[in-house]
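Just below is one structure, and these are the notes that go with it.
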Amino acid sequence: MTGGPFCSGMIFFEVGPMKFVLAPYNGSLPQLTYNPYSWSKTASITLLDSPVGTGFSYARDVKGYHDIGDFSFSMHVVIFLNKWFTDHPHYQSNPFFVGGSSYAGKMSPIIAQHISQGYVVGNPVTGSDYDDNFRVPYAHGVGIISDQLYEAAILNCKGSYIRPTNKMCVRVLNTFQNLVSEIDVPQILGVNCIRGMLTHKFLSEEYTQLSDPSPEQPTIDCFSYRYYLCNIWANDDSTREALG
């Protein structure tokens, strides 16, 4: 499961078996190629569009889109997995692990309590206080900020980086924020481009749909160019017809 929430699992990003061919868009359907680093080379993987309404997933009753929260989201996945293993009994003897990245890190442990041998999470969301407060030490750990700035943060903020209590801490955190704004946080080694394909929303908010108009085309050296191609591919009539 991917994060967001409401980010589609698709098959083109992260550990999926396919990726887009990075070429200037010429008006035709974007082309796909195999991902040589996909986890599907060593394991059977189900990439799930969840919660309902994400990607190509849908509910037959409009009530299915209401009251979607972390727990109901998790239980929907448990129901799906039970039905899936019932329909595909030859997979029941395989070791099974739930995987979730980012926001899905909140649901993976809940699901694992019901139907799995374990779970794996990548950059998981736990709680805003924990996650946001760890941004400063993490940025220092990966070399985004200097030792001097980190030491100033420790000295003046006393380990509390989200609710500063003195002016010096505020100054340090402003400097930190200015530095971080110069990079693309999800792709710190890539070009800092304006990302706008799919705005992150929370479960309580209205979310972006595949039918929304495409934003301004990013340049091909931007990681978000892949999202631009994905939007075109997913909304193409031939794609939808092929997927049923």
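Just so it is clear, none of the values below were taken in a lab; they were calculated from the coordinates. Here the structure is a predicted model, which is why all the values come from computation and not from measurement. Positions of Cβ are generated from backbone atoms using ideal geometry, with glycine treated the same way; all protein chains shown enter the neighbour counts.
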> Quick one: what does P(r) look like for the stretch 127-194 with 5 Å bins over all Cα pairs, in whole %?
Replying inline: 3, 18, 27, 25, 16, 8, 2
>> Can you tell me the orientation of helix 70-87 relative to the chain, as the angle in degrees between its alpha-carbon axis and the longest Cα principal axis, to the nearest 10?
In response: 30 degrees
>> So I have [x] 18.1; [y] 20.5; [z] 19.1, and one of them is Kirkwood radius over Cα pairs in Å calculated from this model. Which one is it?
In response: [y]
>> Given an 8 Å cut-off on Cα distances and at least 6 residues of separation, report the relative contact order of the chain as a percent.
In response: 18 percent
> By how many degrees, 0 to 90 and rounded to 10, does the Cα axis of helix 147-157 deviate from the longest principal axis of the chain?
Replying inline: 80 degrees
> Normalised by the number of residues in the stretch 127-194, what is the relative contact order in percent for Cα pairs under 8 Å and 6+ residues apart?
Replying inline: 26 percent
> Which of the peptides 222-233, 35-46 is most tightly packed, and how do the rest follow, going by the mean number of other Cβ atoms within 10 Å of each residue?
Replying inline: 222-233, 35-46
> Taking every DSSP beta bridge that has both residues in the chain, what percent is antiparallel when rounded to the nearest 5?
Replying inline: 40 percent
